[in-house]
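The values are calculated or read from the model by the stated rules, or taken from the named source; none is laboratory data. The structure displayed is predicted, hence computed values, not measured ones. Cβ atoms come from the backbone with ideal geometry, glycine included; neighbour counts cover every protein chain shown. For accessibility, only protein heavy atoms count, side chains too; no ligands or nucleic acids. Shrake-Rupley method; radii C 1.70, N 1.55, O 1.52, S 1.80 Å.
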Amino acid sequence: MDRLTSAARLMIVSDLDHTMVDHHDSENLSLLRFNALWEANYRDNSLLVFSTGRSPTLYKELRKEKPMLTPDITIMSVGTEITYGNAMVPDDGWETFLNNKWDRKIVTEETSKFPELSLQSETEQRPHKVSFYVQKEKAQDIMKTLSKRLEERGLDVKIIYSGGMDLDILPQGAGKGQALAYLLKKLKSEGKLPSNTLACGDSGNDAELFSIPDVYGVMVANAQEELLQWHAANAKNNPKVIHASERCAAGIIQAIVHFKLGPSTSPRDVTDLSDCKMDNFVPAYEVVKFYLFFEKWRRGEIEHSEHYLSNLKAVCRPSGTFVHPSGVEKSLQECVTSFGTCHADKQGKQYRVWVDQVLPSQVGSDSWLVSFKKWELSGEDMRCCITTVLLSSKNKTVADGLTWTHVHQTWLHGDASSDSATWFF
């Protein structure tokens, strides 16, 4: 959160499975649409928070499988763990708070007396969370009896049932809602309370998110029965909580529109990227637009035209350089020429390009240094490089766009390509 020196323009707090991530969308289109919208318009002045029931282990596995952005804050294990930044630094204050009237040993003892409870995998058992599977028809009775027994043992716990099968036992002060309330209180104490906060979810363990005062909420179209029942009983007349008609990340974008929270047109929804009308220079948008063109060219979704290549050459300074992740230096013009030969080489294949953590910094009256991660997914092969780009507006109008003067890339975590010749820009 230290990245922002003032209040965030928007803070999105989203569940992952079946909310931000649509497991029925093999092309990940709604997620990629959200990614482009966020990086082009929000990343540099807003906060992205993922709030998931997954443990750190399963969360990291999901990141390897799906084209997800890097959040500023990660809330995991149903609100029992809060971490910050790329390094996922834990919030020690939150951990201390959760220790009140919590004893994991007693929870384990009492739950062992219920043969109907089937323990989830070891990765899902956390310091402040004990997780089981239970049949839907038995869940309510077990929750009622177990809650009473744990109270008699001196504990103050919360039992959450979600997904039609998952039963989580947490300290009373834990949960996605309390974790969000804690974050908002912390931000407020630092003078950085977000101008707007949007909570997004699909299942029972997300219900608490919609109970926090002054927070907008969206239940995505594919929300589960338990969440819809909660909404009907508790928030039916709350105008700040809507049930979207779009699935998953598309429903989140729909909520941005509904609540008028800011720009809502994803660059991926713009048919002709060269026709984007901007009021001023927006380096992040330029980067997102550039790599969307890159993807569409290689997927063969735009025609092979010298017009496009000449436009691409026009935005690259004649003396501009590109340092390939392998360390080889080339001219940008040479890269454009090579790129031109790869039109539709990924046609009919699973191939996507996206950028993450696009952060521009103005380094002169007419120049910006933009850092980001550039990702490519080709089949099951996902690779990333850390990229730094120097952009210039010298002798350019907003309609012309910014000039790319230098591009430097290094592989992330040894993601070296087996075919470096086809890794461009």
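A compact table of results
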read-out	value
Any hit, the range 133-143, residues being under 18 Å from Gly204 (Cβ atoms), open to solvent by 40 Å² or more (accessible area, probe 1.4 Å) and aromatic (Phe, Trp, Tyr)	yes
Selection count, the range 80-99, where residues are closer than 17 Å to Leu47 by Cβ and not hydrophobic (A, V, I, L, M, F, W, C)	5
The range 274-301: number of residues that are open to solvent by less than 30 Å² (accessible area, probe 1.4 Å) and either over 17 Å from Val398 (Cα atoms) or in a strand (DSSP E or B) (or both)	7
Residues satisfying the stated conditions in the range 58-98, i.e. of a type in the set (S, T, N, Q) and surrounded by 14 or more Cβ atoms within 10 Å (Cβ to Cβ)	Thr70, Thr74, Ser77, Thr80, Thr83
Members of the range 61-98 that are free of Cβ contacts under 8 Å to residues at least 24 places away in the same chain, under 13 Å from the mean Cα position of the chain (by Cα) and part of a helix (DSSP H, G or I)	Arg63
Total residues in the range 313-323, condition out of contact with any helix residue (DSSP H, G or I) (no Cβ under 7 Å at 6 or more places or on another chain) and either under 17 Å from Phe424 (Cα atoms) or assigned to a helix (DSSP H, G or I) (or both)	3
Output for the range 149-181, where each listed residue is touching a Phe, Trp or Tyr at 6+ places or on another chain (Cβ under 9 Å), over 15 Å from Asn99 (Cα atoms) and buried (at least 19 other Cβ atoms within 10 Å of the Cβ)	Asp166, Leu167, Asp168, Gly177
Lone unmet requirement of (1) over 24 Å from the mean Cα position of the chain (by Cα); (2) modelled with pLDDT under 95; (3) within 20 Å of Val49 (Cα to Cα) for Glu226	(3)
Among (1) modelled with pLDDT of 95 or more; (2) among the hydrophobic types (A, V, I, L, M, F, W, C); (3) under 28 Å from Asp366 (Cα atoms), the one test that Val270 misses	(1)
Of the criteria (1) over 29 Å from Val49 (Cβ atoms); (2) crowded, with 16+ Cβ neighbours inside 10 Å; (3) in contact with a strand residue (DSSP E or B) (Cβ under 7 Å, 6 or more places away or on another chain), which one Thr108 fails	(2)
Subset of the range 323-346 (residues that are under 22 Å from Glu303 (Cα atoms) and acidic (Asp, Glu))	Glu334, Asp345
Residue in the range 246-266 that is surrounded by the fewest Cβ atoms within 10 Å (Cβ to Cβ), counting only those that are closer than 18 Å to Asp206 by Cα and small (Gly, Ala, Ser)	Ala250
Filter result (at pLDDT 95 or above and open to solvent by 20 Å² or more (accessible area, probe 1.4 Å)) within the range 28-55	Leu29, Arg33, Asn41, Asp44, Asn45
Failed item in (1) in contact with an Asp or Glu (Cβ under 7 Å, 6 or more places away or on another chain); (2) crowded, with 19+ Cβ neighbours inside 10 Å; (3) at pLDDT 95 or above, with Leu359 passing the rest	(2)
Qualifying residue in the range 330-347 (condition: assigned to a strand (DSSP E or B), in contact with a Phe, Trp or Tyr (Cβ under 6 Å, 6 or more places away or on another chain) and either at pLDDT 95 or above or open to solvent by 30 Å² or more (accessible area, probe 1.4 Å) (or both))	yes
Counted residues, the range 348-386 - those being without any contact (Cβ under 8 Å) to a residue 60 or more places away in the chain, out of contact with any strand residue (DSSP E or B) (no Cβ under 6 Å at 6 or more places or on another chain) and in a strand (DSSP E or B)	2
Residues located in the range 284-328, provided they are small (Gly, Ala, Ser), out of contact with any His (no Cβ under 9 Å at 6 or more places or on another chain) and within 23 Å of Ala40 (Cβ to Cβ)	Ala284, Ala314
